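Okay, structure first, notes after.
What follows is calculated from the coordinates using simple rules that are stated; it is not laboratory data. A quick note: this is a predicted structure, and the numbers were derived from the prediction, not measured. Counting neighbours? That spans all protein chains shown, and the Cβs are built from the backbone with ideal geometry, glycine included.
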Amino acid sequence: MSNERNPYRLYATHAWREDDEYLRLFEFLESSRNFYYRNLTRPEGYPGGGRDQELAALRAQIDQAEIVIALAAQYPAAAFLLDFQVSYARGMRKPVLLLKTFGRDAPLPATLVTLASETVEWDERALVDAIRRLARHEDPKRWATIDFDPP
């Protein structure tokens with residue numbers, strides 16, 4: 001279970017910038033009660049110096065994470081980088097949570113679907129539960145409650 005002393009260590013895919021999907025992911029996580037995480041992603045830390053330095057910087061970020069969250073909406077603009085990040089994470093035996101494109105029913109890239117441990121919609125509860133399940137094999141044990149007025 002996460003707490004302030006033991007937060008989940010998350011990495012979210014990026015192409016060296018904070019796009020709308022990236023920012024929305026952390027807005028969703030911030031809105032979840034009693035969910036503590038540490039964002040190990042550094043999209044602002046572009047190393048320069050060529051492809052080798054770029055990939056080494058991505059590896060260093062992913063190495064520290066417990067789970068990688070792949071943002072499907074980034075794929076059309078940065079397919080190579082997303083393929084690399086997800087493939088590297090799987091090679092390091094880290095779970096990959098694939099988050100569908102927000103607000104539209106876009107087809108998911110086959111490469112990401114194949115490598116993902118699980119795929120979720122943009123739903124705060126489903127997202128947090130999947131992170132708990134994949135990162136630390138925790139069972140969130142949450143039940144939905146329904147309020148109704150009897151006749």
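Quick look at the values:
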item: Point-to-point label distance, residue 126-residue 114, nm (Cα→Cβ direction, 7 Å offset); result: 2.4
item: For the chain, with +1 on Lys and Arg beta carbons and -1 on Asp and Glu, the positive-most of 115, 43, 91 along the dipole; result: 91
item: Between 0 and 90°, nearest 10: helix 20-30 axis offset from the chain longest Cα axis; result: 40
item: Residue 149-residue 26 FRET efficiency (beta carbon distance; Förster radius 30 Å; 0.05 resolution); result: 0.20
item: Choice from 139, 52, 83 showing the highest fluctuation, given a GNM over the chain with Cα pairs closer than 10 Å; result: 52
item: GNM result for the chain, Cα springs below 10 Å: residue of 79, 65, 56 fluctuating most strongly; result: 56
item: On Cα atoms only, tilt of 51-63 relative to the major axis of the chain in degrees; result: 30
item: Extension reserve of the residue 59-residue 102 stretch, reckoned as 0.36 nm per residue once the Cα distance is removed; result: 12.8 nm
item: The chain: calculated mean residue ellipticity at 222 nm from DSSP helix runs of at least 4, using -39500 (n - 2.57); result: -11500 deg cm²/dmol
item: Region 133-138 - phi-based ³J(HN,Hα) in whole Hz, Karplus 6.51/-1.76/1.60, Gly and Pro as x; result: 5, 6, 6, 10, 6, 8
item: Under 5 Å, built H, 5+ apart or other chain: amide partners of residue 69; result: 11, 12, 13, 97
item: Using θ = phi - 60° and Karplus 6.51 cos²θ - 1.76 cosθ + 1.60, couplings along region 68-76 (whole Hz; Gly, Pro as x); result: 10, 9, 9, 9, 4, 5, 7, 4, x
item: Exposed GluC sites (Glu not before Pro) absent: longest stretch of the chain, with sites in DSSP loops and at most 16 other Cβ within 10 Å deemed exposed; result: 45-120
item: Exposed chymotrypsin sites (Phe, Trp or Tyr not before Pro) absent - longest run of the chain, DSSP non-H/G/I/E/B, at most 12 other C-beta within 10 Å; result: 1-142
item: Equivalent ellipsoid semi-axes - Cα gyration tensor, region 1-67, angstrom; result: 25, 15, 7
item: Environment charge of residue 27, counting only residues whose C-beta is closer than 15 Å and scoring Lys/Arg +1, Asp/Glu -1; result: -4
item: Whole-Hz ³J(HN,Hα) from phi, Karplus 6.51 cos²θ - 1.76 cosθ + 1.60, for region 88-95, glycine and proline x; result: 5, 4, 5, x, 8, 6, 9, x
